[in-house]
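The numbers here are math on the coordinates, done by the rules we state, and not lab data. Treat the numbers as computed from the prediction; the structure is a model and nothing was measured. Counting neighbours? That spans all protein chains shown, and the Cβs are built from the backbone with ideal geometry, glycine included.
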Amino acid sequence: MTINSPPGTGADLAPGRKKHALLTAPWGGPFAELLVRWFEENRRPLPWRETYDPYHVWVSEAMLQQTQVETALPFYERFIARFPSLQSLAGAEESEVLKLWAGLGYYRRAKNLLAAARIVAARHDGRVPSDYDALIALPGVGPYMAGAILSIAFNKPFPVVDGNVRRVLSRICGWTEENPKGLWAAAEQIACSGEPRSVNQAIMELGAKVCSFKAPRCLLCPIRSACVAFKTGMQDRIPPVRKRPDTVHVHLFAVVHKRRGRYLMKPSDGMWEFPTFTELPPGEFKQTGSCRHTITHHRLDVSVFTGPLGPHDGFEWQALEQVPVSSLTKKIAALAQVGGRN
Ligand code: SF4
C-alpha cells in the first residue's frame, strides 16, 4: 500500500484539547493502519504490555525516562515483584524503594513515583486517575507521562512526544528545525487516528527499533512512502542535533573507612555514599584504585583510598547492603576491597 500526501484523519481530538492547524502529513487512514500492523507483528513482548494495568504502565514509564528498555527490564521485574500494587508501593519506606531503584539512576523518579502513589492511595481510592488534570497534578507526571498513561493504559486519545517520537515525526515531516508545536499537533492527530494504545506504542516502537538516530533502517520501515527524510535522503540531518551542555570534568577523592563490617558513609538525598573530597584530607590513606563515572554532563574521575577518617558531622556507620547506594558507590566499594581500576 502506498501512502500519498492528502492530509487529515477525520478522527475526533481528545476531549478538551485544542485543534492545531500545522499538519501537512497524512496521519490517518493507511498511515495508521500500516503503522499498527507493523507494531502487531514486531512489538517486543514487554511485561507491562501483558495486561496494561495502569500502575504497571506508570512504573514502566517512570523507569523508561532516560533509560533503555533492556536496562530497565530487570529493575521493573524486581520492583513489581516487591510492589505488585499501587497500595503496596504507597505503604513502603522511601529507603526500600530507593534500594530497588539503586543502579537505575535519576533517583528523583523513584521519589516522585512514591510520593505520587501515596497521593493516589489517599485521594483517588488507590486507583491511577484516568483524567489528564488529575494525572498532571501528581509529582513526576508531565505531559509526556500523562499522555503515555492515558493512551497506553486507558486507551484514550492523548498524544505522546518523547525522543523516539520526535525523531520519527520530524523525519516524516522533513523538519530540519525544531518544531515543538508541530510535533505535539502531529502526535495528537496520530493518537486519534486509530486505537490510541496501538498507534502511540507503534510510533514509539518504530523509533526505538527501526528509525534509529544514526542508522535508520528505512527499507524495513512500513511508512517510508510517507517520509520526507527518506525521499530526500536527509535522514542524517533530521531531527536537528540539540546542543548538549559542555562536559564538566571533576576529580574527587573517595575515602572508604570500614570498621567491623560497616562503612562510614554520608546521606545524599535519600541515598548513602562514601565521603568524597576535592582534595585528599590529612590522614593515613592507601590508594586502592580509581574509576570514572558520568552523571548527566559531569564526568567524574574518582581516586579511591582506604583508611581511617577523622570525625565528620553527618557521617554514620552503615552496612552497605542495608542502605540504598548508587552504582558509583558500588564501584568505589569494589575498588576499596579488591583494588585495581574500574
Ligand atoms: S523511512 Fe526511514 S527516516 Fe523515515 S520514518 Fe521510516 S525509518 Fe525513519
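Looking at region 37-58, which of its residues are surrounded by fewer than 20 Cβ atoms within 10 Å (Cβ to Cβ) and β-branched (Val, Ile, Thr)? 51 - this is the single residue of region 37-58 that is surrounded by fewer than 20 Cβ atoms within 10 Å (Cβ to Cβ) and β-branched (Val, Ile, Thr).
For region 225-241, a residue qualifies if it is assigned to a loop (DSSP other than H, G, I, E, B) and near the ligand (Cβ under 8 Å from one of its atoms), and the qualifying residues are 227, 238.
Since residue 177 meets every condition but one in (1) over 16 Å from residue 242 (Cα atoms); (2) more than 16 Å from the ligand (Cβ to nearest atom), which condition does it not meet? Residue 177 satisfies all of (1) over 16 Å from residue 242 (Cα atoms); (2) more than 16 Å from the ligand (Cβ to nearest atom) except (1).
Annotation note: of 198, 193, 151, the sole residue that is in a loop (DSSP other than H, G, I, E, B), among the polar types (S, T, N, Q) and on the phi < 0 side of the Ramachandran plot is 193. With the condition kept exactly as written, say whether any residue in region 204-224 is under 19 Å from residue 42 (Cα atoms), more than 12 Å from the ligand (Cβ to nearest atom) and of a type outside the set (D, E, K, R). Checked against the condition, which is being under 19 Å from residue 42 (Cα atoms), more than 12 Å from the ligand (Cβ to nearest atom) and of a type outside the set (D, E, K, R), region 204-224 yields at least one hit.
Which fully enclosed helices (runs of 4 or more DSSP H) of region 77-127 have 2 or more residues being touching a residue at least 12 places away in the same chain (Cβ under 8 Å) and closer than 16 Å to residue 267 by Cα? Spell out the reasoning first.
Numbers: elements: 86-90, 94-101, 108-123.
The qualifying helices (runs of 4 or more DSSP H) are 94-101, 108-123.
Residue 168 falls short of the stated requirement of being of a type in the set (A, V, I, L, M) and not in a helix (DSSP H, G or I). Within the span defined as region 180-198, every residue fails to be near the ligand (Cβ under 10 Å from one of its atoms), buried (at least 22 other Cβ atoms within 10 Å of the Cβ) and aliphatic (A, V, I, L, M). In the condition set (1) touching a helix residue (DSSP H, G or I) at 6+ places or on another chain (Cβ under 7 Å); (2) in a helix (DSSP H, G or I); (3) surrounded by fewer than 22 Cβ atoms within 10 Å (Cβ to Cβ), residue 70 is compliant with all but (1).
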